[in-house]
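Notes to accompany the following structure.
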Amino acid sequence: MATYNRIGATYARTRRPDPRIAARIHRALGDATTVVNVGAGTGSYEPSGTVWAVEPSTVMIAQRPAGSAPALQASAEAIPLADGSADAVMALLTVHHWDDLEAGIAELRRVARHRIVILTFDPTVSRRFWLLDEYLPEAATIDDTHAVAIDRLVTLLGGARIETVPVPHDCTDGFLAAFWRRPEAYLDPQVRSGISLFAQISDDVIQPGLARLDDDLASGRWQDRHAGLLQLETLDAGYRLVITDV
């Protein structure tokens, strides 16, 4: 909660849902007519059938738009809802922030009648993202302490299928890898303010790498090194949907 109370003030501006990612999430929810959104934040990607949003941060809850699902200030580890409260439960880019992953997954399984949909990242893939690999390796090492291995999630869920979520080059949702083809964005403090990695790591760790990125962009070294990326429409940066039926 502390992280999102810090970064939450600009979250509604910097983390606008991307319609292509939304389509994948909604397709993964299948025919669920009622949904609980856990770690709901400002309500990104909530389908019309969302009946409750569960979110610990009051800063995030305050930015939920009028008419969105009612929000409960609570953690994933202790969801104040009855067993089988909704057809499906979704948890998007949140599991790596939970204090007790096992308890949180047990709660998702308790509340969902039929399906659980988790959007997360595979740390073995995301660790190779150029920003982390080339410019912020120290930050990546620190971030590894929070990352959740996909196979651990699958085990806790009792089995699941995995879908890759490619990141469009013009992604509107400003998560960490959203600007993979727009590297100058990472030099913008407002962009960084909506990315949890930057909120959790001190400027002393981040600024030297960002200074090198700035120099490489100015000199053209980044463009030369990543000419192939500039030809791509989407990138697999490690984001995954983990889907299971209960």
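Reported value for the stretch 1-133: 120 Å³ per residue, from the convex hull of its C-alpha atoms.
With a 1.4 Å probe and all protein chains left in place, how much of the accessible area of the stretch 80-182 comes from carbon and sulfur atoms, in whole percent?
Within the stretch 80-182, the accessible surface is 51 percent carbon and sulfur.
Please report the base-10 log of the normalised intensity I(q)/I(0) for the chain, using a Debye sum with one equal scatterer per alpha carbon and no solvent, at each q in 0.13 (1/Å). Calculated log10 I(q)/I(0) at the listed q: -0.79. Counted over the stretch 165-216 with a bin width of 5 Å, the fraction of Cα pairs per bin, in whole percents, is 4, 20, 30, 25, 14, 6, 1. For the peptides 224-230, 84-90, the ranking by mean Cβ contacts within 10 Å, running from highest to lowest, is 84-90, 224-230. In this structure the amide hydrogen of Cys171, modeled in the peptide plane, comes within under 5 Å of no amide hydrogen from residues 5 or more places off or on another chain. Taking packing as the residue-averaged number of other Cβ atoms within 10 angstrom, the listed peptides 142-152, 111-121 run from highest to lowest as 111-121, 142-152. The residues of the chain present an accessible area of 43 Å² per residue when probed at 1.4 Å with all protein chains retained.
Amide H to amide H, with H built 1.01 Å from N, Leu235 comes under 5 Å of Val167, counting only residues 5 or more places away or on other chains.
Computed over Cα pairs, the Kirkwood radius of the stretch 109-221 leads via Stokes-Einstein (0.692 mPa s, 37 °C) to a diffusion coefficient of 207 µm² per second.
The values are calculated or read from the model by the stated rules, or taken from the named source; none is laboratory data. Quick caveat: nothing in here was measured; it's all calculated off a predicted structure. Backbone-built Cβ (ideal geometry, glycine too); neighbour counts: all protein chains shown. Ligands, DNA and RNA are excluded from the accessible area calculation, which covers all protein heavy atoms including side chains. Shrake-Rupley method; radii C 1.70, N 1.55, O 1.52, S 1.80 Å.
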